[in-house]
Structure formats: structure tokens, C-alpha cells
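A short write-up of the structure that comes next.
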Amino acid sequence: MKQKKTAQFYRIRKTTFWGLIGGLILLIGAAYFRNDLHEKWLESGGWEDISFTEMESKLKNEKECYLCGSSDRSLMDYYRKFDTVGVISLNDWYVLDLKLKSYDGKGNEIEGEKGSSISYGNTGEISYMSQGSPARGMASMDITLPENYKLNINTVQNNLCQKCLDKIMESLDYSKWKHERKEAIPLCLVDFKTLEIYSLQDWHRGCTIRGYWVEMEPEGNEIEIKAFYLPYDE
């Protein structure tokens, strides 16, 4: 004859029981509000501005400057013939034309260009998709950055004269929470005609470059750039 099983009960102290309940509530609350808690932790350290000042150039021959010189390792000597704007990937010094105007291989503008162009590429540092319509004076570029991307200081120090290095580094100024893990984005806008440099950091959302208007929209590790040619009578 089978014996009837009897129910078994375990006693726990009230303090232990309510301690477990309280711990469970805290865990649920922490999971639910983790984003808010993280934001408050970041803000607790305060806000700080990051600037790159007093950085010295190590370039011995200024004629070999990647920006204003004639180095064989830089395309700026070619793009300086263009009356338009572009993007520089600073870590590998890859120059990208925003294609607001059309030029031949000798740097002469092609008038009346009605076509549009789309190009894709990977510089080894960044990947990009570029679209340009010179007839409409419109262009766009989507840039994707790798994870934990930051500036290679040696590249700019070793290949820019002091004047150009100062301009580049000034464009990299940014702000962040003190506890935040954030680096300067090693990209910048360049006016091919004047060699003026403009910031592509996340605080900068638009600027006028002579007869051009450029908008920037960063999101995560992607940056969308839109440019328009808006000529005006002087």
C-alpha cells in the first residue's frame, strides 16, 4: 500500500523574506531605470570642454604639408584646383569631394553637367556613400565610423606644418560629460579653394562656406552630410 505524501513547508524569518522582496524590487527598478541612472551618473561628474592646444608639428619640410603643400601622399594638391568643398579623413588623410560641381582630370570645371553620380568606398578607416548632382547644386554623403574610433595624433603631427596643424586641431574641439567615454571624431570639412577647415564634431550642425551651405547630422557611429550650392551676387 502506497504511503500518502504529505506537503512540506519551510519557515523563513520575516526579515529575510522582506529583504528578498526588497532586493527583487531594487533589481527590477534598476533594470527599468538603468538608462536614467546612467545619465545621472554621467552628469554627476559635470561638463567639460576638450581642446587640443599647443601641439607642435614634427614636419621638417613645410612644402610636404598634406594640406597646403605638395606631398605625393596627399590629394590636396589636386583638389586645390576645385572651387568646392570636401571631407578629410584625418587618420589616413583620405580626401573626399562632395561633388557639388563637376571637374575633369585636370581640375577644369565642366559646365552644364546634368548627370548625377553615386559612389561607395572604404578608405581603410571609414566607409562612405556619396551622391552628387552638380546641375542642382546638391550633394550628400553618409559616413560610417568604426567602433571606438579616435584620432591618430602621429599622422597629423608628422605631416602638417604648424599653421595647418593648428587649424585642424581647432576643428576637433568638443565637449562631453567627465565620466563619458568619448573621443574627437577624426574628420573635418575643407574648403578646397581657401583651405579653411570646418568642424565635423557632433556639436556642429551647419555652416556657411562661401557660397555653400553644409548640414551635418551625427547619429551613433554614422554622420550624414548634406551640402548645397547657393550662389549669391556680391
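The values are calculated or read from the model by the stated rules, or taken from the named source; none is laboratory data. Every value quoted in this text rests on a predicted model; they were computed, and no experiment measured them. Methodologically, a virtual Cβ is constructed for each residue, glycine included, from the backbone with ideal geometry; neighbour enumeration extends over all protein chains shown. Ligands, DNA and RNA are stripped out before the accessible areas are found, and what is left, the full protein with its side chains, is counted by its heavy atoms. Shrake-Rupley method; radii C 1.70, N 1.55, O 1.52, S 1.80 Å.
Ranked from largest to smallest solvent-accessible area, with a 1.4 Å probe on the protein heavy atoms, 136, 205, 80 come out as 136, 205, 80. Ranked from largest to smallest solvent-accessible area, with a 1.4 Å probe on the protein heavy atoms, 204, 179 come out as 179, 204. Taking the charge dipole of the stretch 44-149 about its Cα centre, with +1 at Lys and Arg Cβ atoms and -1 at Asp and Glu Cβ atoms, the residue from 70, 103, 84 reaching farthest to the positive side is 103. Restricting attention to the stretch 94-167, lysine pairs at least eight places apart or on different chains and with alpha-carbon atoms under 29 angstrom apart total 12. Each label was represented as a point 7 Å from its Cα along the Cα-to-Cβ direction; for residue 183 and residue 162 these points are 2.8 nm apart. Taking 0.36 nm per residue of sequence separation and removing the Cα-Cα distance, the residue 113/residue 154 pair yields an extension gain of 10.7 nm. The modelled label-to-label distance between residue 232 and residue 53, using points 7 Å beyond Cα along the C-beta direction, is 3.3 nm.
Students often check this: by mean Cβ neighbours within 10 Å, which of 144-154, 111-121, 192-202 ranks highest, and how do the rest follow? Spell out each step's value before the answer.
Details: 144-154: 12.5, 111-121: 11.0, 192-202: 17.5.
By packing density, highest mean first, the sequence is 192-202, 144-154, 111-121.
Fully extended, how many nm does the chain gain between residue 144 and residue 129 (0.36 nm per residue separation, minus their Cα-Cα distance)?
Working: separation 15, 0.36 × 15 = 5.40 nm, distance 0.89 nm.
Going from the current span to full extension adds 4.5 nm.
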